[in-house]
Every structure is written in C-alpha cells, then in structure tokens.
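Note sheet for the following structure.
The values are calculated or read from the model by the stated rules, or taken from the named source; none is laboratory data. Keep in mind the model is a prediction, meaning the values are calculated, not measured. Because the Cβ atoms are built from the backbone with ideal geometry, glycine has one as well, and the counts that use them run over all protein chains shown. Areas reflect the complete protein model, heavy atoms only, side chains present, ligands, DNA and RNA absent. Shrake-Rupley method; radii C 1.70, N 1.55, O 1.52, S 1.80 Å.
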Amino acid sequence: MEFYHVNHNVLDIDRTIAFYQDYFGLQIVKQFDEPEQKLVFLGDGKSNFLMELTYLKGRKEPYDVGETPFHVAFYSDNYKNDYQRHKDEGLIIDEVKAMRLHFIKDPDGYLLEILDSDRSNLG
C-alpha cells in the first residue's frame, strides 16, 4: 500500500493555493470543480504525495482544525533561508533549534512542520 494524499478543508481556495505555491513550491496537479465544491490536488513534482484541498462553495465560517497535534511535515532543502523567511514574516509558532525544525500555520490554521532535509549531525 502506498501513501497517496492528505486532505485539508479550506475557506479561501485561491489564498490557500497561493500559500502552498509560494512557501513550498507545490503546484496544481489536478482539480475538479463541482457545483457544491472544488477539489484541488497539489504536488511537488518529485514524489507521489499529494495535498488535497477541499473548498465547499458558499461556506463562510472558518473550520475548527481541533486541538490535536495533527500536522503535515515538509523537508526543506534550504532550511536556513526558509527559517529566516518564516521568522521575518512572523509565521513561526514553535521551534526546536537542536533538531532544526519549526512549525508554522497555513491560512486555515493547519499546523505545518518544516524540517531541514539535511538530518546529519543531529544530537
């Protein structure tokens, strides 16, 4: 069995697509526009993993993403620059410097872990 995708329900599909394109380089792989919802699948072009964004047309209330530690993790090939950008933009909500990782939230409040892809020399 192979892992295929993770799904996030989003309030503003265009804002969320722009966020994942800008911060993670994800691109639209496929999309379905139905009368009541729009589904957009984003990928990195390197792996089979996809992020599915579900937009329910007409929804106005933000989603309750819960209080559980659910998150999606991304490896960064340029961690030092990504960390500084996230810090400069006030996005970092938690970090573990010794492990070269930090957390940010996307526009809908989903927790994202950013890890240095170079995992050598960790304690």
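How about LYS30: which lysines have a C-alpha closer than 25 Å to its C-alpha, ignoring those fewer than 8 places off in the same chain?
LYS38, LYS46, LYS57, LYS60, LYS105
Given the whole protein assembly as supplied and a 1.4 Å probe, what does the accessible area of ILE28 come to in Å², nearest 10?
70 Å²
Could you give the angle, 0 to 90 degrees to the nearest 10, between helix 13-24's Cα long axis and the longest principal axis of the Cα atoms of the chain?
On a 0 to 90 degree scale, this one is about 20.
If DNA, RNA and ligands are ignored and the probe is 1.4 Å, what is the ranking of LYS38, LYS57, LYS80 by accessible area, most exposed first?
From most accessible down to least: LYS80, LYS57, LYS38.
Which ³J(HN,Hα) values, rounded to whole Hz and listed in residue order, are derived for segment 37-49 from phi using the Karplus coefficients 6.51, -1.76 and 1.60 in 6.51 cos²θ - 1.76 cosθ + 1.60 with θ = phi - 60°, glycine and proline given as x?
Values, residue by residue: 8, 10, 10, 10, 9, 10, x, 9, x, 10, 10, 7, 5 Hz.
Per 0.36 nm of contour for each residue apart, how much would the distance between LEU56 and ALA18 grow if the chain were fully extended, relative to their Cα-Cα spacing?
11.9 nm
With label points built 7 Å along Cα→Cβ from the Cα atoms of GLU95 and GLU36, find their separation and express it in nm.
It is 4.4 nm.
Multiply the residue separation of HIS71 and VAL29 by 0.36 nm, subtract the distance between their alpha-carbon atoms, and state the gained length in nm to one decimal.
Between HIS71 and VAL29, full extension yields an extra 13.0 nm.
Could you tell me which label, among [x] 15.6; [y] 17.1; [z] 15.2, carries the value of Kirkwood radius over Cα pairs in Å calculated for this structure?
Computed from the coordinates, Kirkwood radius over Cα pairs in Å corresponds to [x].
With the full set of protein chains in place, find how many percent of the accessible area of the chain is carbon and sulfur; take the probe as 1.4 Å.
Exposed carbon and sulfur together represent 50 percent of the surface.
Looking at segment 1-119, what % of its DSSP beta bridges pair antiparallel, to the nearest 5?
65 percent
In whole Hz, what ³J(HN,Hα) sequence does segment 71-80 give by Karplus (6.51, -1.76, 1.60; θ = phi - 60°), x for Gly and Pro?
Each residue of segment 71-80 in turn: 7, 10, 10, 10, 7, 10, 7, 9, 4, 4 Hz.
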